[in-house]
1. Quick check, is GLU277 farther than 17 Å from SER198 by Cα, assigned to a helix (DSSP H, G or I), of a type in the set (Asp, Glu) and touching a Lys or Arg at 6+ places or on another chain (Cβ under 8 Å)?
2. So GLU214 passes all but one of these: (1) open to solvent by 20 Å² or more (accessible area, probe 1.4 Å); (2) over 18 Å from LEU143 (Cβ atoms). Which condition number does it fail?
3. Could you check segment 291-322 and list, in sequence order, the residues that are of a type in the set (A, V, I, L, M) and more than 20 Å from CYS217 (Cβ to Cβ)?
4. Quick one: how many residues across segment 20-38 are open to solvent by 60 Å² or more (accessible area, probe 1.4 Å) and not small (Gly, Ala, Ser)?
5. Taking segment 182-204 as the search range and keeping residues that are of a type in the set (Gly, Ala, Ser) and buried (at least 22 other Cβ atoms within 10 Å of the Cβ), which one is nearest to GLY264 (Cα to Cα)?
6. Mind counting the residues in segment 245-266 that are open to solvent by less than 20 Å² (accessible area, probe 1.4 Å), more than 15 Å from LEU286 (Cα to Cα) and of a type in the set (Asp, Glu)?
7. Considering each of VAL108, VAL44 in turn, give the residue that is in a helix (DSSP H, G or I), open to solvent by 60 Å² or more (accessible area, probe 1.4 Å) and without any contact (Cβ under 8 Å) to a residue 60 or more places away in the chain.
Amino acid sequence: MLLAAGGHTERDMASHKIQVIELPMMDKSKYFPLAFAGGMGTRVCLYPFTLIKTRLMSQRHKALYRGTFHSLSEILRIEGVRGLYSGFLIESLRFVPSMCYITIYETVRHNLTDRTSISNSKLRGFIAGGCASMFSQMVLVPLDIISQYRQLGSISSKFAHINLQNASKSGMSASWSVVLAIHKQYGWRGFWRGYFPSMAVYVPSSACWWSLYETYCDFLVKRAPLWTPHLALQCTAASLGGVTTCCINNTLDVIRTRIQTEHGKFWPTLNTLWEEEGIRLLKKGLSARLISSIAFSFIVILFYEPIKRLSLLEEYKNSVRW
């Protein structure tokens, strides 16, 4: 084992580098514009996986699609590439609450460091991730519902319980038709249908993901060769965190999706899904969700961590492991 000056090993010196970049360490004038650009790029890359997941989770049995790749080929064959981005305009509006999410996460995490005795970084990530998701869901749920109907696109009449006369249109006209149809049938409460299932899915998911991300990061850093780029370890840890989280709460996400697209209640929806799918409910839409989560986690960290490094204040630049 190589020794550096003072008798410390290279791994000891690497472990003393800053592993997690906190909000006060960054130049906000660089961080927020870069985060905005990176977030939009991520959404463009990953939106088709979200659309496929929604369609798979919304169908009964295998009414239209046999699986992820069959769904992809059928959408391309019938609707073309544009079909993979049906409802993307509404989905892109999610970026505003998403920016609020990451700001709340970083702020809560920093305050836990400065103002509490919580020294465990994974616990701080768990709490901050849960808080960020809790607040962002208030805005994200209505956008989720509109986006899901748009993602169903031309097949919405087969699954949706609202009259979508303009489902075949594109852009804001179709999205506005969805808004009017939901309001006409369910009133304003219809836009927050499934709010509590969403909280049950996303708050624990967010909390677990950040905690697992740091857990896997620590595990990989201690065992990977020193020449391994830190970003590669972080992207791998993010993907592993995404896989673990997906496997834990996939069934809840299926229930949430069905409640929001069919405006049911939790227990009747669960009973219906169990009658339709049986034990297969546990893996319904899981392949699409795993692909989406692995890709999303990987690409988010691929953008997010370099953005944080590029935004570092001068005094911290030599203290962070690259």
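1. Here the answer is yes, as GLU277 does meet what is asked.
2. (1) is the only condition that GLU214 fails.
3. Listed by number, the residues that qualify are ILE291, LEU313.
4. Going through segment 20-38 one residue at a time, the tally reaches 6.
5. Per the stated criteria, the residue is GLY194.
6. 0
7. Selected residue: VAL44, the only one of VAL108, VAL44 that is in a helix (DSSP H, G or I), open to solvent by 60 Å² or more (accessible area, probe 1.4 Å) and without any contact (Cβ under 8 Å) to a residue 60 or more places away in the chain.
This table checks each residue for (1) on the phi < 0 side of the Ramachandran plot; (2) of a type in the set (A, V, I, L, M, F, W, C); (3) surrounded by 17 or more Cβ atoms within 10 Å (Cβ to Cβ).
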| position | (1), (2), (3) |
| --- | --- |
| LEU72 | yes, yes, yes |
| GLY80 | no, no, no |
| SER86 | yes, no, yes |
| SER117 | yes, no, no |
| PHE126 | yes, yes, yes |
| GLY130 | yes, no, yes |
| MET138 | yes, yes, no |
| ILE146 | yes, yes, yes |
| ARG150 | yes, no, yes |
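The values are calculated or read from the model by the stated rules, or taken from the named source; none is laboratory data. Nothing here was measured: the structure is a model prediction, and the numbers come from that model. Counting neighbours? That spans all protein chains shown, and the Cβs are built from the backbone with ideal geometry, glycine included. Ligands, DNA and RNA are excluded from the accessible area calculation, which covers all protein heavy atoms including side chains. Shrake-Rupley method; radii C 1.70, N 1.55, O 1.52, S 1.80 Å.
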